[in-house]
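Participant: This is the structure, below, for whatever I ask next.
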Ligand SMILES: N[C@@H](CCC(=O)N[C@@H](CS)C(=O)NCC(=O)O)C(=O)O
């Protein structure tokens, strides 16, 4: 048993962030899958929010993907995934926060309104605006690439990637699209798809579609 144990669920994008961070850092870990549709009692006792990801280390626990990834960065500074320079580090945190505070809410609203064609039109515009902001204020201003912050992969890349992996399903189901002008964003996605940490944790388009279709039918 490795000293790090990650409680995860195969389809969870948040747990994927942390699995990617562990792989990028070259850390040995035990992956424990949790059936979120039938949570075992031991998991309910262990997890204060009843959610994955949850990391166990040295007998203690950390939860929330972003906080786990920051903990890994502090506890295992080798193979850093955040810049050391304070201003660059602050910029990394701005984009990590942007993903959860600005991009995710518009995606969630769109999914919530997916059966309302008039609202979907508005949501498509809102999602496109977020991508244009990421392209123009983020990728084009921060670095020449190929990663978000430059030549090295960082926690910013890992924060976004699981949701971009699922985006082709949103395109296919709900007609939302990455604007054509977002050429850097598209290059960044292709670069991330080539990384081992993504290949080892990614699921196929069909895998995600089966789940989204079921969700669509159930709701
Ligand atoms: N803000 C959390 C979100 C984690 C999350 O929503 N996990 C989902 C699976 S993708 C979960 O465990 N859901 C179980 C539940 O809510 O009961 C994070 O970043 O870790």
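Participant: Take the residues in the range 69-81 that are touching a helix residue (DSSP H, G or I) at 6+ places or on another chain (Cβ under 9 Å) and closer than 19 Å to residue 13 by Cα; name whichever of them is farthest from the ligand (Cβ to nearest atom).
Facilitator: Per the criteria, the residue is 81.
Participant: Related question: Got a number for residues in the range 31-46 being touching a strand residue (DSSP E or B) at 6+ places or on another chain (Cβ under 9 Å) and either within 14 Å of the ligand (Cβ to nearest atom) or not assigned by TED's automatic domain parsing to the domain that holds residue 71 (or both)?
Facilitator: First pass over the range 31-46, keeping only residues touching a strand residue (DSSP E or B) at 6+ places or on another chain (Cβ under 9 Å): 31-34, 43, 46.
Filter once more, so that each one left must be either within 14 Å of the ligand (Cβ to nearest atom) or not assigned by TED's automatic domain parsing to the domain that holds residue 71 (or both): 32-34, 43, 46.
So the count comes out to 5.
Participant: Okay, moving on. Quick test for you: out of 98, 49, pick the one residue that is within 16 Å of the ligand (Cβ to nearest atom), farther than 29 Å from residue 140 by Cα and within 22 Å of the chain's Cα centre (by Cα).
Facilitator: Values: 98 fails: farther than 29 Å from residue 140 by Cα.
Testing whether each residue is within 16 Å of the ligand (Cβ to nearest atom), farther than 29 Å from residue 140 by Cα and within 22 Å of the chain's Cα centre (by Cα) leaves just 49.
Participant: Here are some conditions: (1) in contact (Cβ under 8 Å) with a residue 40 or more places away in the chain; (2) farther than 21 Å from residue 153 by Cα; (3) away from the ligand (no atom under 16 Å from the Cβ); (4) not in a helix (DSSP H, G or I). Residue 55 meets all but one. Which one does it not meet?
Facilitator: (3)
Participant: Of the residues that make up the range 168-184, is at least one over 23 Å from residue 209 (Cα atoms) and not in a loop (DSSP other than H, G, I, E, B)? Walk me through how you get there before you give the answer.
Facilitator: Let us first name the residues in the range 168-184 that are over 23 Å from residue 209 (Cα atoms), namely 180-184.
Next, from what is left, pick out any that are not in a loop (DSSP other than H, G, I, E, B): 183-184.
Yes: one or more hits.
Participant: Only one of 66, 84, 89 is more than 19 Å from residue 196 (Cα to Cα), out of contact with any strand residue (DSSP E or B) (no Cβ under 9 Å at 6 or more places or on another chain) and within 13 Å of the ligand (Cβ to nearest atom); which? Give the derivation first.
Facilitator: Working: 84 fails: within 13 Å of the ligand (Cβ to nearest atom); 89 fails: within 13 Å of the ligand (Cβ to nearest atom).
When all the criteria are applied, what remains is 66.
Participant: Ok, one more. Among the numbered criteria (1) at pLDDT 95 or above; (2) closer than 24 Å to residue 8 by Cα; (3) touching a helix residue (DSSP H, G or I) at 6+ places or on another chain (Cβ under 6 Å); (4) surrounded by fewer than 21 Cβ atoms within 10 Å (Cβ to Cβ), which single criterion is violated by residue 212?
Facilitator: (1)
Participant: OK, next. Would you confirm whether any residue within the range 105-116 is closer than 21 Å to residue 143 by Cβ, touching a residue at least 60 places away in the same chain (Cβ under 8 Å) and within 15 Å of the ligand (Cβ to nearest atom)?
Facilitator: Keep residues of the range 105-116 that are closer than 21 Å to residue 143 by Cβ, which gives none.
Checked the range 105-116: no residue is closer than 21 Å to residue 143 by Cβ, touching a residue at least 60 places away in the same chain (Cβ under 8 Å) and within 15 Å of the ligand (Cβ to nearest atom).
Participant: Within the range 19-30, how many residues are within 15 Å of the ligand (Cβ to nearest atom) and either in contact with a strand residue (DSSP E or B) (Cβ under 6 Å, 6 or more places away or on another chain) or farther than 20 Å from residue 158 by Cβ (or both)?
Facilitator: Summing the residues that are within 15 Å of the ligand (Cβ to nearest atom) and either in contact with a strand residue (DSSP E or B) (Cβ under 6 Å, 6 or more places away or on another chain) or farther than 20 Å from residue 158 by Cβ (or both) in the range 19-30 gives 1.
The values are calculated or read from the model by the stated rules, or taken from the named source; none is laboratory data. All of these numbers come straight from a predicted model, not from anything done at the bench. Because the Cβ atoms are built from the backbone with ideal geometry, glycine has one as well, and the counts that use them run over all protein chains shown.
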